[in-house]
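Accompanying notes for the structure given below.
Nothing in this text is a laboratory measurement; each read-out follows from the coordinates by a stated rule. What you see is a predicted model, and the numbers here were worked out from it, not measured in a lab. A quick note on method: Cβ atoms are made from the backbone with ideal geometry, for glycine too, and the neighbour counts reach across all protein chains shown.
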Amino acid sequence: MSEHVTSVEEVMARYGVDPRSIGLRHRGWWIVTEIEDEEEQAGAKIGDLCVKARDGGCNAPDPAAFRAPSFRGTACDSFDETYRYYYFAPLEEATADAD
């Protein structure tokens, strides 16, 4: 990904979600730059949005995340399962995949 997304407004425009509203206890967000265990489990790609929330373990995933048109997948942290990661594709990729 050649351009950097630095604001919540840019995230909302590019991914169609407000990262602060994902998960039961939001902990942060970033753009995926490498594929590790959690990204692979969730089917994430470089350039996707990752939202970290403290709703892993025995907590149910946030159902609102699944309704987002750009939702790609979710995985619990492999080291501390109390954290969950939600992944979202850029909207232009999500709409192209739907066609």
Quiz item: Of all the strands (runs of 3 or more DSSP E) wholly in the stretch 21-94, which have at least 3 residues that are in contact with a Cys (Cβ under 9 Å, 6 or more places away or on another chain)?
Solution: 26-31, 84-88
Quiz item: Scanning for something under 9 Å from the mean Cα position of the chain (by Cα) and of a type in the set (A, V, I, L, M), does the stretch 6-16 turn up at least one residue?
Solution: no
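If only one of ALA42, ALA65 is farther than 19 Å from GLU92 by Cβ and touching a Lys or Arg at 6+ places or on another chain (Cβ under 8 Å), which one is it? Give the steps one after another, and end with the answer.
Details: ALA65 fails: touching a Lys or Arg at 6+ places or on another chain (Cβ under 8 Å).
The unique qualifying residue is ALA42.
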